[in-house]
Amino acid sequence: MTMRERIANGELFTDMCEGLPEERLKAKELAFDFNHIRPSDVEKRLELLHQMFGSIGENCWIEPPINICYGSNVFIGDFFYANVNLTLIDDFKISIGNGVLAGPNVTIAVTGHPVHPELRKNGEMYALAVTIEDHVWIGSGAIICPGVTIGKNSVIGAGSVVTKSIPANVIAVGNPCKVLREITDRDREYYYKNRKAE
């Protein structure tokens, strides 16, 4: 079995062969260029976004700096917005739906290491796909861990560590992240605490 097949099967792998280091270097060069473009050079920023990712939809905007491993394993829908310091550890697939918002310092990581030191003595790791469904809002400083799916319309509170999948239409917070409550019609009427949407 090739290393790439091991990655796709969620098995332990190392990443220093089969052209993987070269692919990571290419991604880091693109991210470096993106992070150092003048803010006014919008066309160049958008051009680089299309080179950095497996796919990216319409009307997307990512504030630099961004950190990526490969970029080519990231698939982004339309109307995605990410604030500064987005980190995407994409040794395997990260799928981001339409209308997703990410606050500053969000990390999405598909990769982890075994707990037992004997199983990671040569840098062994595993990768499990992450899916962020449509219209999710990820608060500042949240960390999304390997294998997680966040359901449509859900909100992840700032600073949360998401170790398990979160259903659709809920607010989830904490470390580890847990469902706080469902999103209701009251949330349509009040946008923040007792502040009414006019």
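Of the cross-linked pairs Lys93/Lys121; Lys26/Lys164; Lys44/Lys164; Lys28/Lys93; Lys93/Lys193; Lys152/Lys193, those separated by over 27 Å at the C-alpha level are Lys26/Lys164; Lys44/Lys164; Lys93/Lys193.
The packing ranking of peptides 143-155, 20-32, highest mean first, is 143-155, 20-32, where packing means the average number of other beta carbon atoms within 10 angstrom of each residue. Projected label points at Met3 and Leu119, each 7 Å from Cα along the beta carbon direction, are separated by 2.0 nanometres. If you take all other residues with their beta carbon under 14 Å from the beta carbon of Ala8, and give Lys and Arg +1 and Asp and Glu -1, the sum is -3.
Jot down the per residue volume, in cubic angstrom and as a whole number, of the convex hull over the alpha-carbon atoms of the stretch 3-196.
Working: hull volume 23.3 nm³, N = 194.
Enclosed volume per residue, from the Cα hull, is 120 Å³.
When only the Cβ of Lys, Arg, Asp and Glu is charged (+1, +1, -1, -1), the dipole of the chain relative to its Cα centre reaches about 700 debye. Using the average count of surrounding beta-carbon atoms within 10 Å as a protection proxy, the listed peptides 99-111, 5-17 rank, highest first, as 99-111, 5-17. The C-alpha atoms of the chain define a longest principal axis, and helix 42-52 lies at about 50 degrees to it.
Can you give me the angle between helix 20-35 and the longest principal axis of the chain, using Cα atoms only, in degrees from 0 to 90, rounded to the nearest 10? Long axis of 20-35 versus the principal axis of the chain: about 40 degrees. Compare the Cα positions of Gly71, Pro176, Asn98 along the charge dipole of the stretch 3-196 (+1 at Cβ of Lys, Arg; -1 at Cβ of Asp, Glu; about the Cα centre) and return the one farthest towards the positive end. Highest projection toward the positive end goes to Pro176.
Each reported figure results from applying straightforward, stated rules to the coordinates on display, with no laboratory input. Everything quoted here is computed from the prediction, not taken from an experiment. Note: ideal-geometry Cβ built from the backbone for every residue, glycine included; neighbour counts use all protein chains shown.
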